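The values are calculated or read from the model by the stated rules, or taken from the named source; none is laboratory data. Predicted model only: the values in this text are computed from it and were never measured. Note that each Cβ is placed from the backbone with ideal geometry, even for glycine, and that neighbours are counted across all protein chains shown.
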Amino acid sequence: MRREEPTPPSPLPEGKGGENNPSPTPPLNGEGLKTVVGSVPPSFLGKGVRGLGSPLLFLLLLALPACAPKPGTSTADAEVKTVPVTVADAKPMSLRRTVSVVGTLYPYEDVTLSPKVGGRVIRAFKDVGDRVGPGEPLLELDDTEYRLAVDQARPAFEAELRKLKLTTLPATDAAFEQWLPRVDAVAEAKANAELAESELKRAEREMASGVGSRQILDSASNRLTVAKTRVQVAETDARVTLANARRLKAALDDAERKLNDTKLNAPNPPEWSAWLKELGPTTTPLKYAIAQKMVSIGSPVESMPATSCYRLVIDHALKFGVTIPEKHAPEVIVGQNVELKVEAYPNQTFAGFVARISPTTDTSNRTFGVVIGVRNGDGRLKAGGFATGEIVVRSDTVVTIPPEALVQFAGVNKVFVVDGNKVKAVEVGIGVRDKDWLEVTGLPAGAKVVVTGQSQLVDGTPIRVR
């Protein structure tokens, strides 16, 4: 049997093949496969391959393009994508619950003084900003008229006392009744009555012995009756004199009071010792501060209507008057601490305490009044100023997260919590917010929350913590 030799390929046309002009690789499509199959020499295929037949060769060549790598793809694209994130711990924190208040600072005591009598100011001892203790003089009025009234009332009163042989008025009527027999007129009348009584007794004895007469007896009896009447008259006159003396004493006292009222002094209230105890130690002695002076030397002052001359305040402690919505009534109690701030000292907090709570609610705005005590021993706070405050009602342990961990969308507040290699979206409630932390509910302390990269996350997204 004669072996057939493979037919050599026909020579390529000049300029379309060969070493100098290689032909381009045909595309691996239908036409390309025909070209490739037709260009493979039978001797290259070998006997085994020829035995399989051309269909198998066609399938192998058809699979070659599928096995080739596609442009722009890599093995990393076959892996699941992970999102790089940073996380932080949800931390427990002790948080003070407060009730915010605003209001005005008032003096601990505020009093406006006016003289009780009219006159012309001849001296003014104190001015605005001065401090005065109880009883210290503030101003003085011309007292000429009032001194004359005293000089007239005193002699008349003393004359009545001399009639009663007294130097001072008895304290009670009973004491005067014991003194009454010492009054000259009463003593003389009683002596005459005793003499008349002894004469009557002698006339009765003479009449009984038969040596007397009825006329003498009747005359002695009449003299005794007259003497007793004169005793009663003398005692009545003495009592009238006592009443007149008391009236003149009242007039004298009134004249002396008016004379004293020409001097206006700082008040000396009986509560002063209690105030000292309540206010506690201060950097300056407890005194009134002069807030206003309304008169000058030569100014006329009237008693009716009263002319205001000085306004005095106690500012060692202040009263912070506020109103609070009635919903906070169960939380606010006397003695709670209060932290105050004023515009004059924006970086400083002043301590106060709840001193008094109104028992009623204002029906017009449904609020109740609260008075907060504020110690002001150094005098830095000014009465009449505006202040803000926080009443500390209780302390709670809460969970906080960084503010940037919160994701808000369509009215829903949530955070992404690390759960293994993935994240879990957890809806939370929000509370107090600070620049460095945010109070949340519905999240346990210690949970790790995502703080960056949330825009690429959904529930269940794989993550890689940086």
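In segment 286-298, the residues that are without any contact (Cβ under 8 Å) to a residue 12 or more places away in the chain never reach a residue that is buried (at least 18 other Cβ atoms within 10 Å of the Cβ) and of a type in the set (S, T, N, Q) with C-beta atoms less than 9 angstrom apart, at least six apart or across chains. Applying the criterion of being surrounded by fewer than 13 Cβ atoms within 10 Å (Cβ to Cβ) and among the hydrophobic types (A, V, I, L, M, F, W, C) to the residues of segment 196-213, the residue that is modelled with the highest pLDDT is ALA208.
Every listed requirement among (1) at pLDDT 95 or above; (2) in contact with a strand residue (DSSP E or B) (Cβ under 7 Å, 6 or more places away or on another chain) is met by PRO359 save one, (2).
Out of GLY384, GLY389, one residue alone is buried (at least 16 other Cβ atoms within 10 Å of the Cβ), in contact with a Leu (Cβ under 8 Å, 6 or more places away or on another chain) and either within 30 Å of HIS316 (Cα to Cα) or not hydrophobic (A, V, I, L, M, F, W, C) (or both). It is GLY389.
Among the residues making up segment 366-412, those that are without any contact (Cβ under 8 Å) to a residue 40 or more places away in the chain, in a loop (DSSP other than H, G, I, E, B) and of a type in the set (A, V, I, L, M) are LEU406, ALA410. Screening GLU439 against (1) within 26 Å of the chain's Cα centre (by Cα); (2) surrounded by fewer than 18 Cβ atoms within 10 Å (Cβ to Cβ); (3) more than 30 Å from ALA355 (Cβ to Cβ) leaves a single unmet condition, (2). Restricting attention to segment 169-207 and to residues that are assigned to a loop (DSSP other than H, G, I, E, B), aliphatic (A, V, I, L, M) and within 60 Å of the chain's Cα centre (by Cα), the residue that is nearest to ARG246 (Cα to Cα) turns out to be LEU169.
Of the residues making up segment 305-332, those that are touching a residue at least 60 places away in the same chain (Cβ under 8 Å), over 17 Å from the mean Cα position of the chain (by Cα) and part of a loop (DSSP other than H, G, I, E, B) are THR307, SER308, CYS309.
The set of residues in segment 165-178 that are in contact with a Pro (Cβ under 9 Å, 6 or more places away or on another chain) and surrounded by 16 or more Cβ atoms within 10 Å (Cβ to Cβ) contains only PHE176.
Yes or no, residue by residue, for (1) touching a residue at least 60 places away in the same chain (Cβ under 8 Å); (2) under 30 Å from VAL121 (Cα atoms); (3) touching a His at 6+ places or on another chain (Cβ under 8 Å):
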site	(1), (2), (3)
VAL226	no, no, no
ARG230	no, no, no
ARG246	yes, no, no
LYS249	yes, yes, no
GLU256	yes, yes, no
ASN260	no, yes, no
PRO267	yes, yes, no
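Per the listing VAL440, VAL374, the residue uniquely in contact with a Gly (Cβ under 7 Å, 6 or more places away or on another chain), β-branched (Val, Ile, Thr), assigned by TED's automatic domain parsing to the domain that holds ILE333 and within 30 Å of GLU339 (Cα to Cα) is VAL374. Annotation: of all residues in segment 333-365 being outside any strand (DSSP E or B) and within 17 Å of the chain's Cα centre (by Cα), the one that is farthest from GLY384 (Cα to Cα) is ILE333. Taken over segment 131-164, the criterion of being exposed (fewer than 15 other Cβ atoms within 10 Å of the Cβ) and farther than 13 Å from LEU259 by Cβ is satisfied by GLY133, PRO134, GLY135, PRO137, PRO155, ALA159, ARG162. Of the residues VAL432, VAL417, the single one that is part of a strand (DSSP E or B) and buried (at least 17 other Cβ atoms within 10 Å of the Cβ) is VAL417.
Exactly one residue out of LEU148, LEU166 is within 19 Å of ASP253 (Cα to Cα), more than 44 Å from the chain's Cα centre (by Cα) and not in a helix (DSSP H, G or I): that is LEU166.
For segment 133-140, check the following and say yes or no: at least one residue is under 30 Å from LEU340 (Cβ atoms) and either touching a residue at least 40 places away in the same chain (Cβ under 8 Å) or outside the structural domain of ALA234 (by TED's automatic domain parsing) (or both). Checked against the condition, which is being under 30 Å from LEU340 (Cβ atoms) and either touching a residue at least 40 places away in the same chain (Cβ under 8 Å) or outside the structural domain of ALA234 (by TED's automatic domain parsing) (or both), segment 133-140 yields at least one hit. Of all residues in segment 420-429, those being closer than 19 Å to ARG96 by Cα and in a loop (DSSP other than H, G, I, E, B) number 0. Of everything in segment 267-299, what is at pLDDT 90 or above, outside any loop (DSSP other than H, G, I, E, B) and over 12 Å from HIS316 (Cβ atoms)? Give them in sequence order. Matches in segment 267-299: ILE290, ALA291, GLN292, LYS293.
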